[in-house]
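One structure below.
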Amino acid sequence: MSEQSLTGVPHTSSRFASLSSAVGGSAVVRKTLVLLMLAVIWEAAARYGGKPILFPSFLATMSALWEGLTQENLLLASLSSLSVLVKGYVIAVALAFVLVSLAVASRFVRELLQTLISMFNPLPAIALLPLAMLWFGLGEKSLLLVLVHAVLWPFALAALSGFESVPETQRLVGRNYGLRGPSYVVRILIPAALPSIIYGMKIAWAFAWRTLIAAELVFGVSSSSGGLGWYIFRNRNELFTDKVFAGLAMVIIIGLAIESILFRALEHLTVRRWGMQR
């Protein structure tokens, strides 16, 4: 009897340890637990220490979020903002690749690009919005201008740093194979600098997303059908605080989805699969 208990305890302990290790080792489970804990804290703080018109509860916010998605235009507003964001993001990334490729080929262009990055990267994109509104009015063109500014400089900085950190041996391999110009950039520099490029894409995406929401929220600038920031702005004016929180929750959900699904999949298919990143 005692022998069975002695042999059973380590077996049970090892099972518990393996289960705990599996739960603790899963990033999805860890993030889910953190979100659940924050939701409980939010609900408790709203119920026992706040006023609904100033600080709605988590359940009230989720109810407003569901109502906004099913009965109002929250989904359409989110898609409208994402549509503008994708346009500005693609334009800026393409322009940054052109500038960085030219900088690799020319010392003058590299010094010029470094100077421009030093000048414009610290400049908040939202600070350009009044000027963009003066030039293009209230509409999508103004948003595209500030989005291109928000994405271009941080991404160009990351891509240029990645290109410059490519080992000389890999550069020599490309030259020995006769690669020059665009083929040299595409086949040698971009694969070798991909961790820096993906990191720059993630940073630029975050800058662009918050710039877009701030532009729609503070200045009321939106695309033709209105964006997510405009949804928050309108409900704030009407004192629908639960809908304001629902709009903010939608901003967070979209940000987490892009980060956890799109960029994580890109990393797994490239740099992690190739052993360039753990």
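The numbers here are math on the coordinates, done by the rules we state, and not lab data. Note that the coordinates shown come from a computational prediction; the quantities given were computed from them, not determined experimentally. Here the Cβ positions follow ideal geometry from the backbone for every residue, glycine too, while neighbour counts run over all protein chains shown.
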The extension gain from ARG30 to ARG180, computed as 0.36 nm times the residue separation minus the Cα-Cα distance, is 49.3 nm
Most exposed to least, judged by fewest other Cβ atoms within 10 Å, ILE253, ILE190 sort to ILE253, ILE190
Gain upon complete extension [GLN114, TYR48; 0.36 nm per residue less C-alpha separation] | 18.5 nm
Cross-link partners of LYS202 among lysines (Cα-Cα below 20 Å; sequence separation of 8 or more within a chain) | LYS31, LYS87
Would you list the P(r) distribution for the chain, with all Cα-Cα distances sorted into 5 Å bins from 0 and each bin expressed as a whole %?
-> 1, 5, 9, 12, 12, 12, 11, 10, 8, 6, 5, 3, 2, 1, 1, 0, 0, 0
May I ask you to list the lysines whose Cα is less than 21 Å away from that of LYS243, ignoring any residue fewer than eight positions away on the same chain?
-> LYS51
From fewest to most C-beta neighbours within 10 Å, the residues VAL166, VAL104, VAL146, VAL86 line up as VAL86, VAL166, VAL104, VAL146
Which is the longest run of the chain containing none of the GluC sites (Glu not before Pro) found in DSSP loop states (not H, G, I, E, B) with at most 15 other C-beta atoms within 10 Å?
-> 73-237
Virtual spin-label span in nm between LEU266 and GLU72, 7 Å along Cα→Cβ | 3.2 nm
Please arrange SER106, SER142 by counting, for each residue, the other beta carbons lying within 10 Å of its beta carbon, fewest first.
-> SER106, SER142
